[in-house]
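As structure tokens, the structure follows; a few thoughts come after it.
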Amino acid sequence: MNTKLLIGILFLSFSIQTIAQVRYEKMSEGAVNRIFKKFTEEFAHELMDKCAKKDYSSEFKSAKLSIPMDRYLAKNLEKICTENEKKYGTIEIVKFNNAYYHKYMQDDQVQMFVYNIQSNQSNDAKYLSIWVGAISKKIQGFWITKNKPLEENLVIHY
């Protein structure tokens, strides 16, 4: 392979990764909204409890969900729980990790609350990230990942 082409590909790849990493900015401990932190943590525990108890039909009591999120979970919670159980086994919320805000969202700036999790079956389940609209104060999505999803430019994650 041509050396110039290889250097160009490496530079482009590094540039994309560098740009992607700046979409979210870590919030200082004092800037973290304690109310959001509390209800995202309660939502995380309620989500895990619903999956463990196979309670797929009752509404979430810990937090308000965005309309798209509420509709999605109403149709897909059983599938999500079943797939996560197969992939990860039992998931335990260990502790709050950090909160981030999406620097380029204009309408309803998204805040991402990240929790450390443990799985009895897989090393791919290390973080549970929960997105909250700063203005709407509603959960917009969640995602279980091996790495913090700071590079993602999506708002709603399921």
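Nothing in this text is a laboratory measurement; each read-out follows from the coordinates by a stated rule. Nothing here was measured: the structure is a model prediction, and the numbers come from that model. Here the Cβ is made from the backbone with ideal geometry for all residues, glycine too, and neighbour counts use every protein chain on show.
Among the residues of segment 69-81, which ones are surrounded by 12 or more Cβ atoms within 10 Å (Cβ to Cβ) and within 19 Å of I144 (Cβ to Cβ)? It would help to see each step written out before you state the result.
Of the residues in segment 69-81, the ones surrounded by 12 or more Cβ atoms within 10 Å (Cβ to Cβ) are 69-70, 72-74, 76-78, 80-81.
Residues satisfying the conditions are M69, Y72, L73, N76, L77, E78, I80, C81.
Starting from residues that are outside any helix (DSSP H, G or I) and of a type in the set (D, E, K, R), keep the ones in segment 87-134 and report whichever is surrounded by the most Cβ atoms within 10 Å (Cβ to Cβ). Reasoning before the result, please.
Narrowing segment 87-134 to residues outside any helix (DSSP H, G or I): 89-134.
Adding the requirement that they be of a type in the set (D, E, K, R) leaves 92, 95, 103, 107-108, 124, 126.
On the way: E92: 12, K95: 8, K103: 11, D107: 10, D108: 17, D124: 12, K126: 19.
If we take residues in segment 87-134 being outside any helix (DSSP H, G or I) and of a type in the set (D, E, K, R), then K126 is surrounded by the most Cβ atoms within 10 Å (Cβ to Cβ).
Return a yes/no flag: does segment 47-55 have any residue that is buried (at least 18 other Cβ atoms within 10 Å of the Cβ) and among the acidic types (D, E). Lay out the reasoning, then the answer.
Filtering segment 47-55 down to residues buried (at least 18 other Cβ atoms within 10 Å of the Cβ) leaves 47-48, 50-51.
Okay, now just the ones that are also among the acidic types (D, E), so none.
No.
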When you scan segment 66-86, do you find a residue that is closer than 22 Å to I35 by Cβ, within 15 Å of the chain's Cα centre (by Cα) and part of a strand (DSSP E or B), even just one? no
For K61, the lone unmet condition from (1) of a type outside the set (S, T, Y); (2) touching a Ser or Thr at 6+ places or on another chain (Cβ under 8 Å); (3) part of a loop (DSSP other than H, G, I, E, B) is (2)
